[in-house]
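Let me begin by presenting the structure, written as structure tokens, before commenting on it.
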Amino acid sequence: MNVLQEEIEARETGRRELDNLRRRLTEYEEYEAKHERVDRAVRLSERYFRSLVENISDVVTIMEKDGTLAYCSPSITGKLGYGEDELLGRSVLEYVHPDDAAEVAEALARLARDPSTAVTVEYRLRHKDGSWLYFEGVGRGIVEGSETSGIIFDSRDIGDRKSMENKLRRSEQLYGALLRHSKDMICILDRDFRFVWASASTAE
């Protein structure tokens, strides 16, 4: 009787251990499946991100909080002439025009302090040939946990816009000078025929 009881208990113990083993195996398989889904989602996200930044004309840069470049999109070669490997590990401020460096440094500091904000700043970057090109950058902080781990900037070439602004400014200055020094009586009236502006010769 004791032998039979011991055999029954041994079988029960073996069955419980087998059930525990099956449960742990199921939990492990579920864990692996979950992490496989997460890994697949991460890989898809990375491919999507790379496809996105590699096929846009804007220059996308990821940098440390102090401005050290960690990633540059391939478009930087077409815009500034540098290969990606020439820039990584260097400070972005090395390529910013001296007159714009303080404003860019302040933008980086703001993003490091408050990653929830977005900062827009205009600056000139040095081309590999030594010339300076105008860009407008929108920067955002990259958050890990509760801290800023880096900064991402999307920079757009605004050279054409700045050229048009400069031409308009010169045109306004030129025509303003012509109007001020013209001997003809030149007046500008509003809709009610009230004087808005008159050349100096009008008072003579």
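Observations on the model:
- In order along the stretch 112-125, the phi-based Karplus estimate (6.51 cos²θ - 1.76 cosθ + 1.60, θ = phi - 60°) of 3J(HN,Hα) comes to 5, 6, 9, x, 6, 8, 10, 10, 10, 8, 9, 7, 9, 10 Hz; Gly and Pro are listed as x.
- Counted charge near GLU103, where neighbours are those whose Cβ lies closer than 15 Å (Asp, Glu -1; Lys, Arg +1): -3
- In this structure, the amide hydrogen of HIS127, modeled 1.01 Å from its nitrogen in the peptide plane, lies closer than 5 angstrom to those of TRP132, LEU133, counting only residues at least 5 positions away or on a different chain.
- Footprinting exposure proxy ranking of ASP114, ASP100, ASP85, fewest other C-beta atoms within 10 angstrom first, gives ASP85, ASP114, ASP100.
- The stretch 105-142 residues near the modelled GLU165 label - backbone nitrogen below 13 Å, point 7 Å along Cα→Cβ: 121-124, 134-137
- Computed over all pairs of different Cα atoms, the Kirkwood value for the hydrodynamic radius of the stretch 63-151 is 13.4 Å.
- Cut-off 12 Å between beta-carbons: net charge of the residues surrounding VAL119, Lys and Arg +1, Asp and Glu -1: -3
- Summing +1 for each Lys or Arg and -1 for each Asp or Glu among the other residues whose beta-carbon sits under 12 angstrom from that of SER131 gives +3.
Computed from the coordinates by the stated procedures, all read-outs in this text should not be read as laboratory data. The structure displayed is predicted, hence computed values, not measured ones. Using ideal geometry, Cβ is built from the backbone for each residue, glycine included, and neighbour counts are taken over all protein chains shown.
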